[in-house]
Amino acid sequence: MYPRPVCILDKIGRWAFLEQVCITSDVLIWESVTLRVLVHFALCPFSRKIRIQLVEKDLKFELFEENPYLKSDELTGANPAGEVPVLVDGEAQIIDSRAIADYLDERYPETSCMPRLPDDRAECRRLVAWFDNKFYREVTEPLFREQIVKMVMRSGNPEGKYLRVAQENLRSHLGYHDQLVGHHNWMLGNNLTQADIAAAAQFSTLDYLGVVPWNEFPHAKEWYARIKSRPSFRPILQDFLRGRPPGPNYVNLDF
């Protein structure tokens with residue numbers, strides 16, 4: 001059995017990989033190979049968005065985990081912002097989850113995660129921006145910061161005032177999302193799109209924290225159960241952060 005690739009950072013800041021390759025039964029050599037690799041943090045919603053999309057498009061890839069809060073030299077060498085995800089695809093190295101998502105749809109159009117019609121594509125991009133920006137800023141970031149980042153970085157206890165505001169914002173956003181998915185299987189009709197993936201990635205991180213009041217929003221709950229049951233979501237449900245187990249219904253498909 002071949003060992004897993006070993007990640008190194010070369011002088012120009014590109015992720016390079018070495019894989020041990022067996023040439024004969026008794027001769028082993030080291031050969032430089034190019035792989036599709038996603039540098040990620042398991043509970044980061046933007047990393048999860050790309051992980052889901054890669055599986056939806058049936059693209060094979062390796063995961064390499066980096067804690068973005070530690071700002072390692074390797075990560076800042078690959079992305080000066082020190083953020084994940086970073087995708088290496090052959091000679092291409094792409095940073096920023098929206099840039100990566102668009103790259104994947106343009107580079108591998110066989111299974112598209114974008115609608116076909118221009119007006120639907122525009123609405124899809126609007127919804128992706130909504131969840132990547134407004135939802136993350138008002139809900140995911142404060143809850144994640146207070147409950148996860150402070151624990152990982154040992155930087156204090158969660159502050160109730162931030163948690164309360166974020167929970168109120170979550171209910172407001174869930175009300176809007178409940179309307180969006182009230183009449184269709186997916187946010188833009190009958191096909192899964194980048195909008196669904198972006199939204200589900202944010203909700204999955206919150207679901208790990210056990211803070212989503214799903215029973216108050218039946219349409220949103222049904223939509224999340226639908227995407228949670230897809231094969232692309234199975235690896236997400238296996239994520240585990242030491243010292244912070246997932247919420248009680250995180251892995252349950254029937255919640």
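The values are calculated or read from the model by the stated rules, or taken from the named source; none is laboratory data. Since the model is a prediction, treat every value here as computed from it, not as a measurement. When we count neighbours, we look across all protein chains shown, and the Cβ atoms used for this are built from the backbone with ideal geometry, even at glycine.
Return the total of residues in the stretch 156-207 being touching a residue at least 60 places away in the same chain (Cβ under 8 Å), of a type in the set (A, V, I, L, M, F, W, C) and over 23 Å from Leu237 (Cα atoms).
Counting residues in the stretch 156-207 that are touching a residue at least 60 places away in the same chain (Cβ under 8 Å), of a type in the set (A, V, I, L, M, F, W, C) and over 23 Å from Leu237 (Cα atoms) gives 1.
Can you pull out every residue in the stretch 191-250 that is surrounded by 21 or more Cβ atoms within 10 Å (Cβ to Cβ), in a helix (DSSP H, G or I) and more than 17 Å from the chain's Cα centre (by Cα)?
Ala220, Trp223
Just one of Asp96, Asp132 is in the same structural domain as Val37 (by TED's automatic domain parsing) and acidic (Asp, Glu); which is it?
Asp96
Within the stretch 73-88, which residues are part of a loop (DSSP other than H, G, I, E, B) and not aliphatic (A, V, I, L, M)?
Scanning the stretch 73-88 gives Asn79, Pro80, Gly82, Glu83, Pro85.
Test each condition in (1) surrounded by fewer than 19 Cβ atoms within 10 Å (Cβ to Cβ); (2) assigned by TED's automatic domain parsing to the domain that holds Pro45; (3) touching a strand residue (DSSP E or B) at 6+ places or on another chain (Cβ under 9 Å) for Gly82 and report the one that comes out false.
Answer for Gly82: the failing condition is (3).
Considering only the stretch 86-96, I want to know if a residue exists there that is surrounded by fewer than 17 Cβ atoms within 10 Å (Cβ to Cβ) and within 16 Å of the chain's Cα centre (by Cα).
Checking the stretch 86-96: at least one residue is surrounded by fewer than 17 Cβ atoms within 10 Å (Cβ to Cβ) and within 16 Å of the chain's Cα centre (by Cα).
Mind telling me which of the residues Tyr69, Tyr136 ends up being among the aromatic types (Phe, Trp, Tyr), surrounded by 17 or more Cβ atoms within 10 Å (Cβ to Cβ) and over 19 Å from Ile227 (Cα atoms)?
After applying the criteria, what remains is Tyr136.
Report every pair of residues separated by at least 6 positions or lying on different chains whose Cβ atoms are under 9 Å apart, first residue within the stretch 106-133 and at negative phi, second aromatic (Phe, Trp, Tyr) and part of a loop (DSSP other than H, G, I, E, B).
Qualifying pairs under 9 Å: none.
What are the pairs, 6+ residues apart or on separate chains, where a residue within the stretch 51-70 that is of a type in the set (Asp, Glu) has its Cβ under 8 Å from a residue that is in a helix (DSSP H, G or I)?
Going by the 8 Å Cβ cut-off, the qualifying pairs are Glu56/Ile197; Glu56/Ser232; Glu66/Glu74; Glu66/Leu75.
For the stretch 120-168, what are the residues that are more than 23 Å from Arg244 (Cα to Cα) and among the polar types (S, T, N, Q)?
Asn133
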